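Only one structure is covered here, and it is reproduced in the block below.
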Amino acid sequence: MCNWRERYAAVEARRSRLALAPLEPVRTIEDRAAGAHLRPIEDAWTRAAFDGPFFETPPDRGFSMGVVFVRSREGNTGTRHPAALGGGSVDEHLIYEGLSRVAADAVVAGAGTLHRDALFTVWRPELIALRATLNLPRHPAQVVMSAEGSVNPDEVLLFNVPGVPVYVLTSRAGRDRLASALAERPWVTAIVGPSLPEQCGRLRDAGIRRACSVGGRRSATALVDANLVKDVYLTTTQAAGGEPGTPWYIGRRRLEMQTVLIKEWNGEHGVVRFEHGVL
């Protein structure tokens, strides 16, 4: 039987060490945030590291969500190892595991994104400190989208950190499938509802006003199609790779996005571009 306390300590030590990787200098290409209704997320350290503030849409009617992806030059996002797409330490540690979730009440992931050591949080000390100044808990709540209840809480770290609330968005059948595992974990709650907006309304009632979705693309598409996503954070690299034909959005909507921020930095494969679009 796994000793989850020891497992968490090992993951924390490893991720904290990796998060201290030197950050490539970031330069601002365009900043149109002044014309949009956005909330700046910043302190002195992040302003220097990101060349200015990071932005998010304030909660509308009590709830707001962003999605974050890194993609290859072909637009592919499907990969078990996003770092292999060449976004560098800025993308991995400052944006993906940093500014996109540092002010979030919860991080949302599809069941297919989970792995044994999954715990979606911030690890770099400066970002932990920023989260504290925002009066937020050390770790965001964890939200798992699993309509069929196919996840196994006995195998994934995020289900086994008692101080971190977990919500599983699922069906009645999924809730029944998970009943015995959840009975042993009172900090894990199954949320059943006929639609994603209703389920996210339950999250809002639980105190979650800002969420960040970290994948995969099917989950992100479902959230976009349910009109729950406001902010899209895309990092595009010059690397070739990823599973072919795996754009971040796979729905039928014609997405209309206002680009409010463009940043660049030099990566292993050339210039890396970050764009913040508002739906």
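The values are calculated or read from the model by the stated rules, or taken from the named source; none is laboratory data. This one's a predicted model, so the numbers in the text were calculated from it and none came from an experiment. Cβ placement follows ideal geometry from the backbone for every residue including glycine, while neighbour counts extend to all protein chains displayed. To get the accessible areas, we keep the full protein, side chains included, count just its heavy atoms, and leave off ligands, DNA and RNA. Shrake-Rupley method; radii C 1.70, N 1.55, O 1.52, S 1.80 Å.
The single condition from (1) assigned to a loop (DSSP other than H, G, I, E, B); (2) in contact with an Asp or Glu (Cβ under 9 Å, 6 or more places away or on another chain); (3) within 29 Å of G35 (Cβ to Cβ) that E256 fails is (2). Strands (runs of 3 or more DSSP E) fully within the stretch 1-105 that include at least 2 residues being farther than 21 Å from V214 by Cβ: 27-31. Per the conditions (1) out of contact with any helix residue (DSSP H, G or I) (no Cβ under 9 Å at 6 or more places or on another chain); (2) open to solvent by less than 20 Å² (accessible area, probe 1.4 Å), the sole criterion not satisfied by L134 is (2). Within the stretch 220-279, the residues that satisfy the criterion of being in contact with a Gly (Cβ under 8 Å, 6 or more places away or on another chain), farther than 28 Å from A49 by Cα and acidic (D, E) are D225, E243.
Out of G241, G277, report the one residue that is in contact (Cβ under 8 Å) with a residue 60 or more places away in the chain and of a type outside the set (A, V, I, L, M). Show your work before the answer.
On the way: G277 fails: in contact (Cβ under 8 Å) with a residue 60 or more places away in the chain.
None of the others qualify; the one that does is G241.
Scanning the stretch 146-160 for residues that are crowded, with 18+ Cβ neighbours inside 10 Å, out of contact with any Ser or Thr (no Cβ under 7 Å at 6 or more places or on another chain) and assigned to a loop (DSSP other than H, G, I, E, B) returns V151, P153, V156.
Kindly indicate which of R218, R273 is surrounded by fewer than 20 Cβ atoms within 10 Å (Cβ to Cβ), within 21 Å of V143 (Cα to Cα) and in contact with a strand residue (DSSP E or B) (Cβ under 8 Å, 6 or more places away or on another chain). Outline the logic, then answer.
Values: R273 fails: within 21 Å of V143 (Cα to Cα).
None of the others qualify; the one that does is R218.
Out of all the residues in the stretch 29-41, which are touching a Pro at 6+ places or on another chain (Cβ under 6 Å) and either at positive phi or open to solvent by 70 Å² or more (accessible area, probe 1.4 Å) (or both)?
Keep residues of the stretch 29-41 that are touching a Pro at 6+ places or on another chain (Cβ under 6 Å), which gives 39-40.
Answer for the stretch 29-41, where residues must be touching a Pro at 6+ places or on another chain (Cβ under 6 Å) and either at positive phi or open to solvent by 70 Å² or more (accessible area, probe 1.4 Å) (or both): just R39.
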